[in-house]
Amino acid sequence: MNPTDFKKLWMTDDSERWVKFPIDQVEKSNLNEKTKEFLKVGFPEDAAPFLGFGLRSYDWQFNTIQAYYDDYDVDYKAKDYWIFGSDGSGNPICIDASENDKLVLLDHEQEFEFIENMNTSISELASSLLLFRDFIKKINNEFGEDGFFESMFTEKHLTDLENEFEELNPNYYIESSFWDTEIENLRAEIK
């Protein structure tokens, strides 16, 4: 998926908020060109499941964990973790320049220790966000506007979602374990 197509698919109504990353700061990073293009086009400010993208919480500066938290004693790998957003608990979502720009989630309460992989690339993250959003829409269309939040989905719905993630990345449950964890959390909600 390319960044322009992602933006078109995401921005389906006027209530969506979109954020762009500062081009000059993105260009100075050691990220690959495909990642840079996505950042320059932008990303949704908010996305399910409780994810936020952009630099609002980071003084609008595109930095690594090491550069932003220079007063902290952080792991040496922090020099390669570019801050991209955060999850609902305030843990930073980072782009790992040392691992071909894979997306990782770090623990903000444990000196930015690695929690889990989100996606192998920013393009795969974009596709994953669309899959999850479409899943929520499908459940709400089937069971009413609160169908997803009332956990009205079934095992079959979740198996279908797993299959879609597997089509995107056959090893998603390892390489994009964040999404596997999310699906398992939903599975625990089935009544």
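Please treat every number below as a calculation from the coordinates, not as lab data. These numbers were taken from a predicted model, which means no experiment stands behind them. When we count neighbours, we look across all protein chains shown, and the Cβ atoms used for this are built from the backbone with ideal geometry, even at glycine.
Take Leu103, Leu9 and order them by how many other Cβ atoms sit within 10 Å, fewest up front.
Leu9, Leu103
Using +1 at the Cβ of each Lys and Arg and -1 at the Cβ of each Asp and Glu in segment 3-121, identify which of Asn100, Ser86, Gln110 lies farthest towards the dipole's positive end.
Asn100
Rg/Rh for segment 118-169 to two decimals, with Rh computed the Kirkwood way over all alpha-carbon pairs.
Values: Rg = 11.8 Å, Rh = 11.5 Å.
Ratio value, two decimals: 1.02.
Please give the charge dipole size of the chain, origin at the Cα centre, charges +1 on K and R Cβ atoms and -1 on D and E Cβ atoms. Round to the nearest 20 debye.
Using Cβ point charges on Lys, Arg, Asp and Glu, the chain gives about 640 debye.
Using only the alpha-carbon atoms, how far is helix 155-168 inclined from the longest principal axis of the chain? Give it as 0 to 90 degrees, nearest 10.
On a 0 to 90 degree scale, this one is about 40.
For the pair Thr159/Glu145, report the inter-label distance in nm, with labels modelled 7 Å from Cα in the Cβ direction.
Those two pseudo-labels are separated by 3.3 nm.
Taking the Cβ of Phe62 as the center, what net charge do the other residues with Cβ under 13 Å away carry, scoring Lys and Arg +1 and Asp and Glu -1?
Overall, the nearby charge balance is +2.
For the residues Lys7, Lys40, what sequence is obtained by ranking on other C-beta atoms within 10 Å, fewest first?
Starting with the residue having the fewest Cβ neighbours, the order is Lys40, Lys7.
Against the longest alpha carbon principal axis of the chain, how many degrees, from 0 to 90 and to the nearest 10, is the axis of helix 122-143 turned?
Its long axis makes an angle of about 30 degrees.
Using 0.36 nm times the number of residues separating Lys28 and Ser15, minus their current alpha carbon distance, what extension gain do you get?
1.5 nm
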